[in-house]
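Working notes, structure below.
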Amino acid sequence: MVKIIIIVIIFLLFFFGLEATKRKLKLNPAYTRKIAHFVSAFFTAFFYFFVNKNEFIISCLIFAIFFIISYRHKGLKSIHLTDYKTIGEISYPIALILLASFYFENTFIMISSLAIMGISDSIAGVYNIKYKKKTLLGALLFFILTLFILLISSFVFHILTISIIIYLLLICIILTITEYYSRHGIDNLTVPMIAAFLLSFLF
């Protein structure tokens, strides 16, 4: 219970701190949203190593409820967009709950999926902001980053072989297509879950 409280406090301090910064500097919420996306994935990956499965799921459930309430009342303007309908902030913790429910014991899958969520999706999303839509170049950037993440992750956790590299390329293609066609923030759910499912056949 103590760990859950600590996690909730740290995340709330971050979110409210980001909100205060956004309002003071009048930052574009599209960018602060991506900052929240990236940092949340980093914090989640960090805390993953210090909590058990139930603590992880409960923490994510608390924030799923928190974001649902905030979404309905537009409480966090640094995260909730008004000019584009998206439920990414809600699908994000739901994806974490599902990941932990099925793959918590597999560190390779958890960390790889979190890295794709936090790095590939965030950076590609930042690139796409100026176009106000998903682009082919953004998709290419997502593919390259995801491939890099999976290659590094596979090297750290396992031994890379030619067959594994080919399979990782296939996974990256599928994830890139999934991310490109997933609208309204649902990619926060579809991408990590499909990534985890496909990686589960690898190791």
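Of all residues in region 32-76, those being assigned to a loop (DSSP other than H, G, I, E, B) and out of contact with any helix residue (DSSP H, G or I) (no Cβ under 6 Å at 6 or more places or on another chain) number 5. The numbered conditions (1) within 25 Å of ALA30 (Cα to Cα); (2) surrounded by fewer than 13 Cβ atoms within 10 Å (Cβ to Cβ); (3) in contact (Cβ under 8 Å) with a residue 40 or more places away in the chain are all true for LYS133 except (3).
Checked against (1) touching a Gly at 6+ places or on another chain (Cβ under 8 Å); (2) in a helix (DSSP H, G or I), PHE142 passes all but a single condition, namely (1). Restricting attention to region 174-203, the residues that are surrounded by 13 or more Cβ atoms within 10 Å (Cβ to Cβ) and either touching a Lys or Arg at 6+ places or on another chain (Cβ under 7 Å) or part of a helix (DSSP H, G or I) (or both) add up to 20. A count restricted to region 103-130 and to residues that are of a type in the set (Ser, Thr, Tyr), under 20 Å from ILE35 (Cβ atoms) and surrounded by fewer than 19 Cβ atoms within 10 Å (Cβ to Cβ) stands at 1. Residues in region 20-69 that are surrounded by 19 or more Cβ atoms within 10 Å (Cβ to Cβ), modelled with pLDDT under 90 and hydroxyl-bearing (Ser, Thr, Tyr): THR32 alone. May I ask you to verify whether ILE144 is surrounded by fewer than 22 Cβ atoms within 10 Å (Cβ to Cβ) and either modelled with pLDDT under 95 or within 14 Å of the chain's Cα centre (by Cα) (or both)? It is false that ILE144 is surrounded by fewer than 22 Cβ atoms within 10 Å (Cβ to Cβ) and either modelled with pLDDT under 95 or within 14 Å of the chain's Cα centre (by Cα) (or both).
The values are calculated or read from the model by the stated rules, or taken from the named source; none is laboratory data. Nothing here was measured: the structure is a model prediction, and the numbers come from that model. With ideal geometry, Cβ positions are generated from the backbone for all residues, glycine too; neighbour counts draw on all protein chains shown.
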